[in-house]
Amino acid sequence: MSLVRDLADQIVAAHSMADLCIPIPAYSFASPPPKIDNEHATDHYELAATVASIEMGFIECDAKVLGKAWSRMVHQDGGFNPFKWPSRPEHFDLLPWTRNMNPNAFAECPKRLGLYAVMPDADWVKRMVEAEVPTVQLRLKSNDQKLIRKQIAQSVNAVKGSKTLLFINDYWQEAIEAGAYGIHLGQEDLETADLDAIRSEGLRLGLSTHGYAEMVYADRFCPSYIAMGAVFPTNLKKMATAPQGLGRLYKYAQLMSHYPLVAIGGIDESSIHAVAQSGVGSVAVVRAISAASNPNAAVKRLQELMKT
């Protein structure tokens with residue numbers, strides 16, 4: 001048995017019960033298995049950890065990031081220990097400076113954003129303000145520019161004079177015009193959004209992430225908060241990655257603890273307490289509120305369950 005194979009088997013065995021493993025997707029000609037870059041790997045620890053990560057169900061880009069992180073951990077921490085897991089920013093070569101030292105950092109938001117209600121329109125935003133939800137996001141889906149501007153303006157107006165913080169999903173230009181508190185973007189939006197405009201106007205920026213590679217990438221922008229998910233299965237949005245589960249969420253939250261963190265994806269009353277115990281300062285919910293027979297009562301119940 002090769003050294004790489006032996007090390008990979010040790011890593012998988014050590015973490016097989018830690019809720020880090022998810023089923024490996026079925027491969028085909030259209031969806032081939034991940035590639036392992038033998039030529040450019042730093043050492044056999046990187047190769048072994050990359051192989052192990054793939055066997056644990058991590059997608060290719062995350063497996064590559066984990067491979068490099070394992071190699072750094074081995075060299076920085078004094079040797080190979082399969083029972084460890086990369087968990088410090090330096091293992092992932094994340095930016096060493098603090099927010100105050102980074103001139104390109106986005107405006108700060110509270111470290112703990114609390115219950116984070118993701119709502120489809122301004123009427124729901126208003127209801128969340130009345131229910132005293134600490135953070136709300138307007139996730140409106142429309143191609144009607146007039147409607148978009150109207151809904152955002154109404155949402156901004158709804159939170160005036162309240163303690164509720166409002167983030168606008170996707171529509172960053174309209175959010176700037178309306179004077180919203182913040183904007184939430186997906187990774188795919190980073191190439192098209194004018195980040196300098198968002199930053200200069202003082203709006204907070206939240207970024208979605210779905211695994212290690214996207215978290216490392218998001219860190220380059222020093223956003224106001226980082227959202228991590230989907231934790232559990234959700235039908236509200238087609239996800240490029242499988243649900244990450246609690247085990248991975250706990251590792252993600254440990255690694256990115258220097259940021260305000262939001263857990264999102266399929267979270268409801270049955271799971272919100274366990275999610276909150278991961279160390280995230282915020283838990284985003286959609287149907288747990290919008291589909292409830294009594295949304296106000298659901299808000300109170302969810303906030304009680306979040307207490308750790």
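The values are calculated or read from the model by the stated rules, or taken from the named source; none is laboratory data. Treat the numbers as computed from the prediction; the structure is a model and nothing was measured. Please note: Cβ atoms are built from the backbone with ideal geometry, for glycine as well, and neighbour counts cover all protein chains shown. Please note that ligands, DNA and RNA were not included when accessible areas were found on the heavy atoms of the full protein model with its side chains. Shrake-Rupley method; radii C 1.70, N 1.55, O 1.52, S 1.80 Å.
Just to check your reading of the model, which residue among 175, 230 is under 20 Å from residue 142 (Cβ atoms), touching a Gly at 6+ places or on another chain (Cβ under 9 Å) and hydrophobic (A, V, I, L, M, F, W, C)? Write out each step before concluding.
On the way: 230 fails: under 20 Å from residue 142 (Cβ atoms).
Only one candidate passes the filter, namely 175.
Can you name every one of the strands (runs of 3 or more DSSP E) wholly within segment 178-231 that holds 1 or more residues which are among the polar types (S, T, N, Q) and either buried (at least 24 other Cβ atoms within 10 Å of the Cβ) or modelled with pLDDT of 95 or more (or both)?
Values: elements: 182-185, 204-209, 225-228.
Ranges flagged: 204-209.
Which residues, counting only those in segment 160-175, are in a helix (DSSP H, G or I), open to solvent by 40 Å² or more (accessible area, probe 1.4 Å) and more than 22 Å from residue 285 (Cα to Cα)? Break it down stepwise before answering.
Residues of segment 160-175 in a helix (DSSP H, G or I): 172-175.
Still in the running and open to solvent by 40 Å² or more (accessible area, probe 1.4 Å): 172-173.
Selection gives 173 alone.
Among the residues of segment 242-264, what is the count of those that are surrounded by fewer than 17 Cβ atoms within 10 Å (Cβ to Cβ) and among the β-branched types (Val, Ile, Thr)?
Residues meeting the conditions: 0.
Considering 136, 118, which residue is under 20 Å from residue 290 (Cβ atoms), open to solvent by less than 10 Å² (accessible area, probe 1.4 Å) and either in contact with a helix residue (DSSP H, G or I) (Cβ under 7 Å, 6 or more places away or on another chain) or part of a loop (DSSP other than H, G, I, E, B) (or both)?
Values: 118 fails: either in contact with a helix residue (DSSP H, G or I) (Cβ under 7 Å, 6 or more places away or on another chain) or part of a loop (DSSP other than H, G, I, E, B) (or both).
Matching residue, one of 136, 118: 136.
Does at least one position in segment 237-252 carry a residue that is part of a loop (DSSP other than H, G, I, E, B) and under 20 Å from residue 183 (Cβ atoms)?
Yes, some residue in segment 237-252 is part of a loop (DSSP other than H, G, I, E, B) and under 20 Å from residue 183 (Cβ atoms).
If you take the residues in segment 298-308 that are among the aliphatic types (A, V, I, L, M) and under 18 Å from residue 137 (Cβ atoms), which one is surrounded by the fewest Cβ atoms within 10 Å (Cβ to Cβ)? Spell out the reasoning first.
First pass over segment 298-308, keeping only residues among the aliphatic types (A, V, I, L, M): 298-299, 302, 305-306.
From the residues that got through so far, the ones that are under 18 Å from residue 137 (Cβ atoms) too are 298-299, 302, 306.
Values: 298: 21, 299: 22, 302: 24, 306: 18.
Per the stated criteria, the residue is 306.
Evaluate segment 265-275: report whether one residue or more is part of a loop (DSSP other than H, G, I, E, B) and surrounded by fewer than 17 Cβ atoms within 10 Å (Cβ to Cβ). I'd like the intermediate steps shown before the answer.
Within segment 265-275, the first condition is being part of a loop (DSSP other than H, G, I, E, B), and the residues that meet it are 265-271.
Still in the list and also surrounded by fewer than 17 Cβ atoms within 10 Å (Cβ to Cβ): 269-270.
Yes, that holds for at least one residue.
Taking the condition modelled with pLDDT of 95 or more and not charged (D, E, K, R), does residue 97 pass?
Details: modelled with pLDDT of 95 or more: no; not charged (D, E, K, R): yes.
No: the conditions fail for residue 97.
Need pairs with beta-carbon distance below 6 Å; first residue more than 15 Å from residue 8 (Cα to Cα) and within segment 69-93, second charged (D, E, K, R); sequence gap 6+ or separate chains.
91/72
Yes/no matrix, rows are residues, columns are (1) open to solvent by less than 80 Å² (accessible area, probe 1.4 Å); (2) small (Gly, Ala, Ser):
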residue	(1), (2)
94	yes, no
112	no, no
122	yes, yes
126	no, no
132	no, no
145	no, no
153	yes, yes
158	yes, yes
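Scan segment 139-171 for residues that are under 20 Å from residue 290 (Cβ atoms) and either touching a Pro at 6+ places or on another chain (Cβ under 8 Å) or among the acidic types (Asp, Glu) (or both) and report the count.
Going through segment 139-171 one residue at a time, the tally reaches 6.
Any idea which of (1) closer than 30 Å to residue 17 by Cα; (2) part of a loop (DSSP other than H, G, I, E, B) is the one residue 143 doesn't satisfy?
(1)
Restricted to segment 96-107, and to residues that are touching a helix residue (DSSP H, G or I) at 6+ places or on another chain (Cβ under 9 Å) and either in contact (Cβ under 8 Å) with a residue 60 or more places away in the chain or of a type in the set (D, E, K, R) (or both), which residue is surrounded by the most Cβ atoms within 10 Å (Cβ to Cβ)?
Only one residue tops the list, namely 106.
Within the bounds of segment 285-297, is there any residue that is modelled with pLDDT of 95 or more, surrounded by 19 or more Cβ atoms within 10 Å (Cβ to Cβ) and under 15 Å from the mean Cα position of the chain (by Cα)?
Yes, segment 285-297 contains a residue that is modelled with pLDDT of 95 or more, surrounded by 19 or more Cβ atoms within 10 Å (Cβ to Cβ) and under 15 Å from the mean Cα position of the chain (by Cα).
Output the residues belonging to segment 245-274 that are over 13 Å from the mean Cα position of the chain (by Cα) and of a type in the set (Val, Ile, Thr).
Those that are over 13 Å from the mean Cα position of the chain (by Cα) and of a type in the set (Val, Ile, Thr): 267, 272.
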